[in-house]
1. Can you report the number of residues in segment 26-46 which are within 27 Å of the chain's Cα centre (by Cα) and farther than 17 Å from Lys225 by Cα?
2. His245 passes all but one of (1) buried (at least 19 other Cβ atoms within 10 Å of the Cβ); (2) in contact with a Lys or Arg (Cβ under 9 Å, 6 or more places away or on another chain); which number fails?
3. Restricting to segment 265-299, count the residues that are open to solvent by 60 Å² or more (accessible area, probe 1.4 Å) and farther than 21 Å from Val381 by Cβ.
4. Quick one: which residue in Asp315, Asp302 is among the acidic types (Asp, Glu) and either within 16 Å of ligand 2 (Cβ to nearest atom) or in contact with a Pro (Cβ under 6 Å, 6 or more places away or on another chain) (or both)?
5. Somewhere in segment 100-112, is a residue acidic (Asp, Glu), farther than 19 Å from Pro74 by Cα and more than 17 Å from the chain's Cα centre (by Cα)?
6. Exactly one of (1) open to solvent by 10 Å² or more (accessible area, probe 1.4 Å); (2) aliphatic (A, V, I, L, M); (3) within 18 Å of Val239 (Cβ to Cβ) is unmet by Val100. Its number?
7. Looking at segment 8-15, can you tell me whether even one residue there is open to solvent by less than 30 Å² (accessible area, probe 1.4 Å), within 27 Å of Thr387 (Cβ to Cβ) and away from ligand 1 (no atom under 16 Å from the Cβ)?
8. Here are some conditions: (1) touching a Cys at 6+ places or on another chain (Cβ under 8 Å); (2) under 12 Å from Ala94 (Cβ atoms). Ser359 meets all but one. Which one does it not meet?
Amino acid sequence: MTNADTGTPGSAITGLACGSCTRAYPDTEPILTCRACGNPLDAIYDYHAIRERFSLDRVLRRPPSVWRWHEFLPVRDLRHVVDLGAGSTPLLHAERLGGVLGLRRLYLKRDDIGPTSSLKDRSFAVAVSKAVELGVRQAFTYSSGNAAASLAAHAAKAGIEVVLLVNEQASAQKLAMIATYGHPILRLRWTMFQEVTELLRFAHEELGLYHFVNFANPFRHEGQKTYGYEVWWELEQRVPDWMVHPTGTGGGVYGAWRGFTELRTVGLTNRVPKMLVVEPEACAPAVVAYERGAHGASPHGDVHATICDSIACNDLPYGGRRVLTAVYESGGAAVSVSDEETTEAARLLTQEGIFAEPSAATGVAAVRKLVVAGTIDPEEVVVCVITGSGLKHLDVTGLHALERVPVIPTTATAFREALAVLRRSSSGRAPGLAVGAEVTTGA
Ligand SMILES: *Cc1c(COP(=O)(O)O)cnc(C)c1O
Ligand SMILES: [Zn+2]
């Protein structure tokens, strides 16, 4: 397990196991789901070995990326790593926003910063590197946009051929970015996510293509675990009270929860945060299941009826059992937010200097609701993951601002007049962000 170059312990992976029937598989073959029961697999590690050898000092001396945490990651040989710099994102203490929401200790984990500007980079850094290790040559994924952008970038560098299936509704900016990498792309029209799942099964089983869809690929959520480690370290080796996660298929929130539970397993913390799953009201299968106390989710809602396209999922893969496990076992909750609440949250985030896509702002909207409801205590430490950048979602977040920004000639008179008009009409507000209530100015 020792890597001679860096003198550091390598991956502690020992294999894969089915989460349902516990059947074991080697992690050295490109196996996706359980051959016996069809359910998702999880990587298994020798936590005892990690516990014996783990050294935070050594981790922090490694370059800042997800690979710092190599012990907990499934890639055996670092020569297979495809590193575009995913992970090690800033954790900001959001004092102004916290003031508006009534929280002293609100933090924002900025996963809108990274190789392709979304949380997907953590998961593709790890899953594509593992695919390289497994000798995968041809693969595909389905995506609402951010996953395809991240896979496009990582596969380009890895030299893996990929076919990208993207939701018909993906924004022009997401499509343009994905297309620039030059892999084949198809836009997919569907109503229930189950239709996508069936097409994926066909492509894998009949066409023999490896794929990268959350949960059906065992390694995507392994990358998301690295939030847990980073947040724990950034909060001075403590876990927050709440970890708030915009949720689509649930790979992100499940991965984060798994990361925290691993820290507990190896003795670096004695508790895990309450995981808060956030979905749009228009399609909220995990929230509906949570409100009923159910451990499996039924289909719910319309994915086309929300501006939160990146987290619009109306039929959770494998009944959402992993997402609900993370909620129940952490003592967390699941809550839905309306597009109006999300738009207002995106506007509030600009006070912290952040331009988030709508899906990424839902966490802040949810926290605002739960503080008012008394579920979140004002003294608790709350981390919201900002999952994606507003730059890839201009049709909602900003393009309409263009029409409202005047064009003037370079004369002093025109400038003075235009300024007077702007001051009168906007009274200090940013153009294009006119939805919602007045922002309280703290400082
Ligand atoms: C993919 C995505 C999520 C959530 O991802 P899941 O792992 O599918 O739950 C959240 N926010 C943004 C911006 C995303 O692109
Ligand atoms: Zn099984």
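1. Count: 10.
2. Every listed condition holds for His245 apart from (2).
3. Selection size over segment 265-299: 8.
4. Every option except Asp315 fails the conditions.
5. No: segment 100-112 contains no residue that is acidic (Asp, Glu), farther than 19 Å from Pro74 by Cα and more than 17 Å from the chain's Cα centre (by Cα).
6. Every listed condition holds for Val100 apart from (3).
7. yes
8. All conditions are met except number (2).
The values are calculated or read from the model by the stated rules, or taken from the named source; none is laboratory data. These figures come from a predicted structure and were not determined experimentally. All Cβ positions, glycine included, derive from the backbone under ideal geometry; neighbour counts span all protein chains shown. Each accessible area value is taken on the protein alone, full model and side chains, heavy atoms only, with ligands, DNA and RNA left out. Shrake-Rupley method; radii C 1.70, N 1.55, O 1.52, S 1.80 Å.
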